[in-house]
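Laboratory data are not the source of any read-out in this text; all were calculated from the coordinates shown. This is a predicted model, so every value here is computed, not measured. Heads up, the Cβs are rebuilt from the backbone with ideal geometry, glycines too, and the neighbour counts pull from every protein chain shown.
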Amino acid sequence: MQKVPHVVILGGGFGGLSSANELRNSLPAEKLAITLIDKKDWFMVGFAKLWIMNGTRKFEDSVGSLNNLSKKGINFVKDEVLSIDLENKTITTSTKKISYDFLIISTGSVLAPEKIPGLVENGFNLYDHNQLSEINQRLNDMESGKIAISIMGMPYKCPPAPFEASLLINSMLKKRGVRENVEIHFYSPAPTTLPAAGPQVSKQIFDLVNSEKIIFHDSCKIKSVESKKLIFENDREESFDLLLAVPPHVAPKIIYDSGLAKEPGFILINRDCKTSYDNVFAIGDVTSMVVYESMAMPKAGVFAEGEGIAVAKNIISMIQSKEEFVLYDGKGGCFIESGKDTASVIEVDMFSNPKPSTTLTEQTHENLIKKVDFEKERLSNWL
């Protein structure tokens, strides 16, 4: 009896779920075994965190259960991956060893606030779902003072999200009638708001936040954080009453231990998403793909999703001994919400000629509805 090929997927985010579903929709369980491993048993579309932050959503209403994958014939293992043995094609978790024929690494990146001295003690992590309720409470209690929103490392996931956060916070404070008493300052290590989006879209984002009197400070590289004080690499200091930080991102330790990447970098891939090991692919935020000159693919769920689908199609071709091979197309869109019941879409084609093209649509209520629908579709289709 012929052995059924086994695809193991590390990570239940956008990349992992899109590839698992594409694989299962293409081949039934008797022809392909799929195992997805994640240490948590839920999936959330990242932008829902900002709705929890501003109090319009609860965590429990923003997640889907990865346990639902079993209904699709996808084996879900809630466990921590301890090691990847690429030579022997084995994954070791805290409770078992799992062998694979094909491996898709979609672990995402790890938030590393500890890399900035004083951040953990003196600021909040805007991307940590465990801190969102307390951030919401602090924002609701604030009557006056200075809010600092700081990007503390590049690259970081969901590039528009901190700007969205500033606009939603602006809206929260206006509704409470205290916005005039609160300064909002935005500090970025980059020379423009969204370097990967190009100068025109960066200017549009700058104009959007500037129109709400959110003060954008470029080229601000953080060295450390003290009580109510940011210290930059040029030794400049700025005060704050509330710090919301996007901390540095790194790959998980297992990626460095296995030799797939060197610390503090990510797995280098091309449009085929192959690693240097046979039948081992890497997608999403754990990777770095140079698309133009020194510009890398932004870290965003929609790009991980596209990579996951492309890799799944190629694995199916390999299983069926077909010659067909697709490259990831680099197309996607990210929403940016205004706080005024509208949103715009940053539409991206990373492989357009002669260089990546990016456009920003108008702010409309219809785009906000599209944003809500985007979340609903992923949760219902994947889980």
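Charges only on Cβ, +1 for Lys and Arg, -1 for Asp and Glu: so what's the dipole of the chain about the Cα centre, in debye to the nearest 20? Spell out each step's value before the answer.
On the way: 43 positive and 49 negative charges, 108 e Å.
That gives a dipole near 520 debye.
So what is Rg over Rh here for the stretch 246-379, counting just Cα atoms and using Kirkwood for Rh? Present the calculation step by step, with values, prior to reporting the outcome.
Values: Rg = 16.9 Å, Rh = 16.7 Å.
Using only Cα positions, Rg/Rh for the stretch 246-379 is 1.02.
Using Cα positions and a limit of under 17 Å, work out the lysines in reach of residue 213, with same-chain residues fewer than 8 apart set aside.
The qualifying lysines are 146, 174, 175, 203, 340.
Considering only DSSP beta bridges with both partners in the chain, what is the antiparallel share in %, to the nearest 5? Could the numbers behind the result be given before it?
On the way: 34 of 70 bridges.
Here the share of antiparallel DSSP bridges comes out near 50 percent.
Treating the beta-carbon of each Lys and Arg as +1 and of each Asp and Glu as -1, no other charges, what is the dipole magnitude of the stretch 158-267 about its Cα centre, to the nearest 20 debye? Walk me through the numbers before you get to the answer.
Numbers: 13 positive and 14 negative charges, 49 e Å.
In total the dipole reaches around 240 debye.
In nm, to one decimal, how far is the modelled label at residue 263 from the one at residue 239, with both set 7 Å along Cα→Cβ?
Placing both labels 7 Å along Cα→Cβ, they lie 3.8 nm apart.
What are the DSSP H helices in the chain that stretch 20 Å or more along their long axis, judged by alpha-carbon atoms, and whose average Kyte-Doolittle hydropathy comes to at least 0.0?
Values: long enough: 161-175 (21 Å, 0.41); 301-319 (27 Å, 1.06); 365-382 (26 Å, -1.28).
Flagged H segments are 161-175, 301-319.
Rounded to whole Å, give me the distance from the Cα center of the stretch 254-280 to that of the stretch 171-225.
The stretch 254-280 and the stretch 171-225 have Cα centres separated by 34 Å.
Please report the relative contact order for the chain, taking Cα pairs under 8 Å with a sequence separation of at least 6, and give it as a percent rounded to a whole number. Show your work: numbers first, answer last.
Numbers: 790 pairs, mean separation 73.7, N = 383.
So the answer I get is 19 percent.
Report, as a whole number in µm² per second, the diffusion coefficient that Stokes-Einstein gives for the stretch 176-247 at 10 °C and 1.306 mPa s using the Kirkwood radius over alpha carbon pairs. Don't jump to the answer; show the numbers that get you there.
Details: Rh = 13.5 Å.
It comes out at roughly 118 µm²/s.
For the stretch 113-248, what is one quarter of the convex hull surface built on the Cα atoms, given in nm²? Present the calculation step by step, with values, prior to reporting the outcome.
On the way: hull surface 30.3 nm².
Computed as one quarter of the Cα hull surface, the answer is 7.6 nm².
Is any residue of the stretch 95-138 close enough, with backbone N under 14 Å, to a label point placed 7 angstrom from the Cα of residue 79 along the Cα-Cβ axis, and if so, which?
95-100
How big is the Rg/Rh ratio for the chain, C-alpha atoms only, Rh by Kirkwood, two decimals?
Working: Rg = 21.2 Å, Rh = 21.7 Å.
Ratio of gyration radius to Kirkwood radius for the chain: 0.98.
Provide Rg over Rh for the stretch 7-155; use the alpha carbon set for both Rg and the Kirkwood Rh (inverse mean inverse pair distance). Mind showing how you got there, number by number?
Working: Rg = 18.8 Å, Rh = 17.8 Å.
Rg/Rh for the stretch 7-155 comes to 1.06.
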